[in-house]
Amino acid sequence: MQFRMAVFYASWKVDQVGEEACRQEIAALKIATPRVIHSIVNRAIQVHGGFGLTDQMPLVQQLMTGMVLGLADGPTEVHQVNLARTVLKGYEAVEGLWPSQAEENVVEKLKKKYAGIVDEIPYVPTTLPAPAVQV
Ligand SMILES: Cc1cc2nc3c(=O)[nH]c(=O)nc-3n(C[C@H](O)[C@H](O)[C@H](O)COP(=O)(O)OP(=O)(O)OC[C@H]3O[C@@H](n4cnc5c(N)ncnc54)[C@H](O)[C@@H]3O)c2cc1C
């Protein structure tokens, strides 16, 4: 149902704003489709036991269909890289080691909480440790 709704949503959005503006939704579906097929067919094979693997049943062929879909229209890996690229374009990396929310919610809260007890929080790293030097 989750996958079906994602397909409906992408189709609806394509109708509203066109394909170009729906690259993320389309890429996400291209990534998800082979996985959904694999998951469904694999469970169907399990239900049928060894019989599910014979040529009396279409399941092995359907398993291959899922794998073909994960390559024929571009490898899943490539869709993942492209999707990640377009998603990350909307974000900017923060300075320092901690995610911005952690910095605000954890580090600052700790500082406030313990300010009266200690001058400095003993170990709240703010930079990545230097790589170990190999001699
Ligand atoms: C049944 C079938 C039908 C096809 N039909 C068509 C068709 O109609 N039209 C058409 O143009 N092509 C078609 N193809 C070709 C298909 O697009 C290519 O197989 C696919 O793009 C992968 O190229 P490749 O097989 O040369 O693998 P390679 O380019 O050698 O890639 C191997 C693997 O390396 C990884 N990889 C490669 N490049 C990247 C990257 N940039 N980022 C991250 N990972 C990467 C992926 O995991 C990939 O699976 C079809 C393929 C099959 C199997």
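Values quoted throughout were computed directly from the atomic coordinates according to the rules given, and no laboratory measurement underlies them. All figures in this text were calculated on a predicted structure; none of them were measured in a lab. Note: ideal-geometry Cβ built from the backbone for every residue, glycine included; neighbour counts use all protein chains shown.
Among M5, M67, the order by Cβ neighbours within 10 angstrom, fewest to most, reads M5, M67. Only Cα pairs under 8 Å and 6+ residues apart enter the sum, and on that basis the relative contact order of the stretch 2-88 stands at 32 percent. Projected label points at L53 and V106, each 7 Å from Cα along the beta carbon direction, are separated by 4.5 nanometres. Here's the list of lysines a cross-link from K30 could span, going by alpha-carbon distance under 17 Å and ignoring same-chain residues fewer than 8 apart: K13. Given the options P58, P75, P34, state which has the largest fluctuation in a GNM of the chain using a 10 Å cut-off (strictly under) for Cα springs. Largest GNM mean-square fluctuation: P58.
Taking the Cα centre of the chain as origin and charging only Cβ (+1 Lys, Arg; -1 Asp, Glu), how large is the dipole, in debye to the nearest 20?
Computed about the Cα centre, the dipole is about 360 debye.
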